[in-house]
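Some notes on the structure that comes next.
Values quoted throughout were computed directly from the atomic coordinates according to the rules given, and no laboratory measurement underlies them. In this text the structure is predicted, and so the values were computed from the model without any measurement. All Cβ positions, glycine included, derive from the backbone under ideal geometry; neighbour counts span all protein chains shown.
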Amino acid sequence: LVFRPELSWEFLSSDEIDAKSIRAVRNHVRHVKEVSAFYRETLFDIFPEDIKSLADIARLPFTEKETLIDRAPSFRAVSEDLVVESMASCGATGKRIIFPLTAVDLERLEFNEALSFYSAGVSSSDRGQLFLHFDQCLSAGIAYYRGLTHLGVNSARTGMLSAEMHKQYFDLLQPTILIGAPSFFKKLAAELAPLGFDKNKSSIRKLFCFGENIRTRDMQLNDLGKALEAFYNAAVFSTYGSTEISSSFCECEARCGGHGHPELVYTEIVDEKGTPVPDGTVGELVATPLGVEGNPLVRYKTGDITFKIPGKCPCGRNSMRIGPIVGQLSQMVKMQGAFLYPSAVATILDGIDGIEDYLIILENDEAASDRISLHIITPPNNMEKISGRMRSELHVTLPLLISNAPTLRHLRGKTGRETKIIDIRKRGGQPGARSRG
Ligand SMILES: [Zn+2]
């Protein structure tokens, strides 16, 4: 993989990108039928040479998350001696699956993030500070770190420390870009303010935000995004990715949707029947990562709900762009006659001042109807405002409970302090918990 971002497929016309994507998916299908026991079996009646159009790709079978979890070993496409790193992903049931990565897969992750940061105007004159986990078999930290160093960015892995420590690091390192979860940046802001953080003297220019939305459906900054820009005096960029799809979608300098890199991933948005939807229509993100060696996938249904932004980006790239993640299919709740995504509730809570912490719990009763309860640590006089925002933006009335740190710790159990949504609905399987991001 030679890093020549100016030669990326992204700068070709959409027709040329489509033609290259069709050829790439055709070769990908040919390859996975050779190396993956799962695809040898499920694509037995698919002949790669018959893939001649986007419509032909849309007829290939999907790969579901549950299948990937249940049949993980049959997806593995390389022998053990080629695997250099094991990463993990967590399904809705909390069960972990291991992703074997080869040296090429690691380079590919690096290449992906380097393309993303490059498009966002990051260069070797920047200094980066990374606020995320580098352990627990997670991919994001390694991918961002390698992407930055690929561009020659002086990168510091400080992780999530106390505000005092971060203040010291800001003074010592003079970072120009920060990478982390937006809710973490907001929490840090509240702690930095009394320590004398001066945004006008700060070196920070850009915040790369993953795991939570910083934009609304109409692509404007939401409350959280606005609060971060105001506090840090820096531009916020949204980035989305996952271990499964070995790809990420990051906003460029124009900041109007996350670009997928067509040489690395073929992306579709489909409706509940699996039919591709028109640009701008909300549906499930389906990704076919290209060039993955360890655990290749075809038409993987991510469960993440978003939409494709139509037209060419002002930055000149024609690559597919996605909007914010509207919600997760597995967490969709039917209540008061409407469908609701708990992450939309989280986005509202993330944007309201005075909320120290919160937990959203999804339950169901014997009639199998869904319930959401919100456990919030906030002063009581904040509750009317929170309740009003839920009614005006989501058109539902949700039960709000004032909580405290020990209760949230107890409710989270082993799921970790970053968990915002716990799903204990019974649906024949185990209850699940997942943190966002
Ligand atoms: Zn762009």
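Exposure proxy shown here: for 297, 101, 411, the number of other Cβ atoms within 10 Å sets the order, fewest to most, as 411, 297, 101. Residues 403, 13, 203, ranked from the fewest to the most other C-beta atoms within 10 Å, line up as 13, 203, 403. Backbone phi angles across the range 318-333, fed through the Karplus curve with coefficients 6.51, -1.76 and 1.60 (θ = phi - 60°), yield HN-Hα couplings of 9, 5, 4, 10, 10, x, x, 7, 6, x, 10, 3, 5, 9, 4, 10 Hz in residue order; Gly and Pro are listed as x. Between residue 426 and residue 338, residue separation times 0.36 nm minus the direct Cα-Cα distance comes to 29.7 nm.
Stretching the chain fully between residue 27 and residue 230 yields a gain of 68.4 nm (0.36 nm per residue, less the alpha carbon separation).
Backbone amide hydrogens, once placed in the peptide plane, bring residue 304 within less than 5 Å of 285, 329, excluding anything fewer than 5 places away on its chain.
Annotation: the range 239-341 has a Kirkwood hydrodynamic radius of 14.2 angstrom, from the mean reciprocal C-alpha pair distance. Computed from backbone phi with θ = phi - 60° and the Karplus coefficients 6.51, -1.76 and 1.60, the 3J(HN,Hα) list for the range 143-150 is 5, 5, 4, 5, x, 5, 5, 4 Hz; x is used for glycine and proline. Counting neighbouring beta carbons within 10 Å and listing from fewest to most, the residues 339, 185, 117 come out as 339, 185, 117.
Checking every one of the GluC sites (Glu not before Pro) in the range 280-389 against DSSP loop status and a limit of 15 other Cβ atoms within 10 Å picks out 356, 366. Per-residue extension of 0.36 nm, minus the Cα-Cα distance of residue 79 and residue 373, leaves a gain of 101.2 nm for this segment.
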